[in-house]
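Everything on this sheet refers to the single structure shown next.
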Amino acid sequence: MQKKALSLLLFFSAVFSLASAQPLTDKTALEKERQELQKELREMQQAYDKVKGQTRQNLGQITLLNRKISLQEQYINNINKEVKLIDDDIYLSNLEIYRLQKQLDTLKDQYSRSVVYAYKNRASYNYLNFIFSSTSFNDALRRISYLKAYRAYQQKQVKIILEHTDLIARRQEQQKGRKQQKQNVLVTQTSERNVLADQRKEKDAVIAKLRTQEKDLKQQIATKQKRDRELRNAVAAIVKREIEAARLKAERDAKARAAAEKAEADRAAAARRNAEASNPTTKPSNPVASNTPVKTNPAPATPTPAAPKSYLDLNASDVKLNSNFVANKGQLPWPVDNGVVTIGYGPYKIEGIGPDVRGENPGVTMATPVGSAVKAIFQGEVVGVFTVDDKANITIRHGKYFTTYCNLSGATVSKGSQVSSGQVIGRAAADEETGDGKIDFILMIESRTVDPRAWLRR
């Protein structure tokens, strides 16, 4: 029975020690995530407040509502994670209290038995009789030392018992605080779920109004899809042109190097012939053999160099740019100081308004005040300035990385310009549907688009 109790104590001690060893980074990360979500939710609400009162319903409202609902769901998920962490803390604290209580019970039992034993034998084994019954002086000293150690042991037992009792009381008080904390979080969770339910009702109401404007809505959808196609095709053409230009330059450079190497080899051969002609005393060592044609081994064929992985990663300047761009992943500045992502990267779908609106966003769409400064996120060369629906769009090359800034009211740079990180290159124009400002931001690695949010400062 005692072995089972000891095994149980060891098990609970191991479980609690393992849990205690886990750093508190989960709580810190959750708190940071919550603050970021709260900030983005406030910004999203401000952006939505500007369009929700418009008499003409549009896709912009649905887009903002969808984004707001998505953020609200993330926020609730964050709260759910916090509830789980608190539950884990409560469970582990209960384990610790159980472990401490078992240890306390054991200590009390041992102490009570020692007290009972001392009481029963107080007449026969009092201190003086115990000491004076020694057989020698050294034996008496040993017995005195034993009695002192025994008394110190009893005092230590009492101290440990009191410490355990105090620790259990403190843990129980902490449990009350954790349970109250959980209760507060659950209240917040219920409140945020109610907010989410209201947002979904609001979305249903907007969708119902949009259904009554089917003709206008179809026109909006067609315009947006046409603009997205033109934008993707224009950016793809610019990137393809830059890759082709880099390829041709690499081939010209390779031919120039080969020609230079051949010219150098010809000069060396001519120098050897001139040296032999200027020294006529030199005769062949074997005259007979001199009339025999000399066989020469053909020069080994020069292997054809393999095509490089990237023509935009050959020269020193591109290599440096590419390296610096990668080194700053997750730390690059946003193209606008005050912007809210309304449509994320990749495929998206707006449901509930007849045929679902589907699209493929090559970058991210940001709501920002009209006239906001749009800035280059990294140094590079402007390789394209073009218009789509009378809006300016700028593409900048950073080695093999390309960034495109769309829906600008105008460009303050021209093709071929060198720009620095943070330099203003244009201003945000109004969205035709909502009348509020927006930009589209695209990041490409050569001809492949990637999610810009993984590269921008969090």
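Take the cross-link list Lys68/Lys218; Lys84/Lys176; Lys32/Lys201; Lys27/Lys329 and give me the ones stretching past 20 Å between alpha-carbons. Lys68/Lys218; Lys32/Lys201; Lys27/Lys329, as the Cα separations exceed 20 Å there. Taking a straight line from the alpha carbon of Lys391, these lysines sit under 17 Å away, with near neighbours fewer than eight places off in the same chain left out: Lys224, Lys226, Lys375, Lys415, Lys438. Highest average first, the peptides 38-45, 63-70 ordered by how many other beta carbon atoms sit within 10 Å of their residues are 63-70, 38-45.
Annotation: lysines with alpha-carbon distance below 21 angstrom to Lys255 (same-chain offsets under eight excluded): Lys309.
Working note: Karplus 6.51/-1.76/1.60 with θ = phi - 60° gives the range 330-335 the couplings x, 10, 5, x, 6, x Hz, where Gly and Pro are set to x.
Distant-in-sequence amide contacts of Ser421, defined by a placed amide H-H separation under 5 Å and a gap of 5 or more residues or a different chain, comprise Gln379.
For the peptides 157-165, 247-255, the ranking by packing is 157-165, 247-255, with the highest mean count of neighbouring Cβ atoms within 10 Å listed first.
Here the peptides 438-447, 386-395, 80-89 are ranked by packing, the mean other Cβ count within 10 Å, and the order with the highest first is 438-447, 386-395, 80-89. Of all aspartates and glutamates in the structure, the ones whose alpha carbon falls short of 14 Å from that of Lys240, not counting any fewer than 8 places away in one chain, are Glu446.
The numbers here are math on the coordinates, done by the rules we state, and not lab data. Given the structure is predicted, the values throughout are model-derived calculations rather than measurements. Using ideal geometry, Cβ is built from the backbone for each residue, glycine included, and neighbour counts are taken over all protein chains shown.
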